[in-house]
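The values are calculated or read from the model by the stated rules, or taken from the named source; none is laboratory data. These numbers were taken from a predicted model, which means no experiment stands behind them. Every residue, glycine among them, receives a Cβ derived from its backbone with ideal geometry; neighbour counts consider all protein chains shown.
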Amino acid sequence: MQQAAQIRVVAPEPVKKSKYRPWIEAGALVACMGAIEMALHVHTAPVDLMAVAVVLGGARFGYMVGGGIGLLAGTISLMETPTGPGGALYLLADRGAIAVAFGYIALGALVGLVGDVPREQARRAKDELAATNVGHAALEERYELLMSAKEALDRRIVGQVQTVVSLYEAARELEALDPRKVLGGLLRLMARFLEVESASVYALDGDQLVLAESLGARPERKARLDLATTALGAVARTGRPMPLPAAESDPAGAVLLAAPITRTDGEVRGVLVVEKMPFRQLTPATRQMVDLLADWGSRALANSETYASARDRQRDHPVTGIHQTVYMDDRLPSEWSLARRYKLPLTIIMVRRADLEHADETAWEKGALEVSAVLKQRVRTIDVLGHYRSRDAFLLMLPVTPLEGASILAERLAAAIPGTTVAVGSNGSGLPDGEALLHALYALVTDPAGGPVGVVPNLPPEGGETP
């Protein structure tokens, strides 16, 4: 569109002609015709060459030149008329010759008037075309100005939209409160706002800086840097940003800008590094923006750690120290899905102590601590231990554990915890999901006619081992 707008229709400038040229051409035409008549003696011929000359001249040059040509043709005609006694007075008395002369004048003027109509229309059309071209040029200039203004406005709008989108994405990543996602979002913000092509984040680990996250491939980027000898180590030691490129001997390679990432108490925890960006972006404003982003990353990481600490405290029961019901409800579908995807066994043990259902708070805390203490002693690192939805039941998820082995553990738990009933089942039982298995287990542990250990049996194997 912009290329098309730059094409202008410009009318060709008219060739300047002398104002006497029409008279000269017309006079030459009449003279030539008169000479031909005189030379060929065709004055009495059916075709009047002088009249032809007058018609052509009037049609070509208009009524003024046509009348002049007619006057010239009439004069020549009178000069060609034979004179009698009295010479010129005889010619004036010859009405026929005078009529022919005035006829030439009238013919030239009339033909010229007729020819002036399309000429006047053509002249007006040319004037209108010139005015249109001028208006078109003015409109094109306004159009270009408007397009420039529109592009500037679009850049501002797009920039604002990108800003809002980026902040929204950053907020979503911050909402996730995953430290790696926070660092990744920090680098993506640098790429979007500062046109950074290559950047990284190093975390402080003892006397070294360890690469935690990076953006863009860079062969010279090191996974570990010495804190005492490198320029980035100086940033980590002093807590001050580095505005100048690092020395060529620096193991970190070409480093343009670096800023410290700190904890809430001001202690340095890492370094935000800009490794490659357009030269035009290396300005004081860019350095300030890098410092601000490093500060933003510091606060976001502090928030994520605070949230993670609070989450860890809240997902465990404050009395028993095992996972609460909400966590177990969230964990079961993921464990069930994982086991089904990789065709692994998943077994669940439910332990119920009936006297806890209606016990007061003090009695419940005492009984729950006794049960949870025994369960904690029997679980592995990969096992998931927590409360069930009722006050009297506990759950134990055993990933990668077949039903046979879990049944032995269930019998040992029933023997180790007096007054409990235990039920065990696995994903090989044919039940559609973990929720259905929980219902089956709870039905077993609450069955008055049941024994101390109830088992939800697996389906018979079909040409292979049950998971």
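Per-structure values
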| quantity | calculated |
| --- | --- |
| Single match in GLY419, GLY434 (criterion: at pLDDT 90 or above, of a type outside the set (Val, Ile, Thr), surrounded by 19 or more Cβ atoms within 10 Å (Cβ to Cβ) and assigned by TED's automatic domain parsing to the domain that holds LEU346) | GLY434 |
| Yes/no for ARG389 being in the same structural domain as ALA436 (by TED's automatic domain parsing), part of a loop (DSSP other than H, G, I, E, B) and in contact with a helix residue (DSSP H, G or I) (Cβ under 8 Å, 6 or more places away or on another chain) | yes |
| Which listed residue is farther than 13 Å from GLY386 by Cβ, outside any helix (DSSP H, G or I) and of a type in the set (D, E, K, R), from ARG299, ARG352, ARG287 | ARG352 |
| Qualifying residue in the stretch 219-236 (condition: assigned to a loop (DSSP other than H, G, I, E, B), modelled with pLDDT of 80 or more and within 21 Å of ALA300 (Cβ to Cβ)) | no |
| Out of GLY184, GLY233, GLY239, sole residue that is within 23 Å of the chain's Cα centre (by Cα) and among the small types (Gly, Ala, Ser) | GLY184 |
| Which listed residue, of VAL134, VAL114, is modelled with pLDDT of 85 or more and in a helix (DSSP H, G or I) | VAL134 |
| Test: residue in the stretch 119-129 that is at pLDDT 70 or above, out of contact with any strand residue (DSSP E or B) (no Cβ under 7 Å at 6 or more places or on another chain) and assigned by TED's automatic domain parsing to the domain that holds PRO260 | no |
| ALA359 being hydrophobic (A, V, I, L, M, F, W, C), out of contact with any Phe, Trp or Tyr (no Cβ under 7 Å at 6 or more places or on another chain) and over 14 Å from PHE394 (Cα atoms) | yes |
| Looking only at the stretch 180-214, and only at residues there that are β-branched (Val, Ile, Thr) and touching a helix residue (DSSP H, G or I) at 6+ places or on another chain (Cβ under 8 Å), the one that is nearest to GLY270 (Cα to Cα) | VAL201 |
| Subset of the stretch 268-286 [at pLDDT 85 or above and not β-branched (Val, Ile, Thr)] | ARG269, GLY270, LEU272, GLU275, LYS276, MET277, PRO278 |
| Out of ALA423, ALA449, ALA440, sole residue that is assigned to a helix (DSSP H, G or I) and either more than 14 Å from MET328 (Cβ to Cβ) or free of Cβ contacts under 8 Å to residues at least 60 places away in the same chain (or both) | ALA440 |
| Residues satisfying the stated conditions in the stretch 437-467, i.e. modelled with pLDDT under 90 and either among the polar types (S, T, N, Q) or within 16 Å of LEU395 (Cα to Cα) (or both) | THR466 |
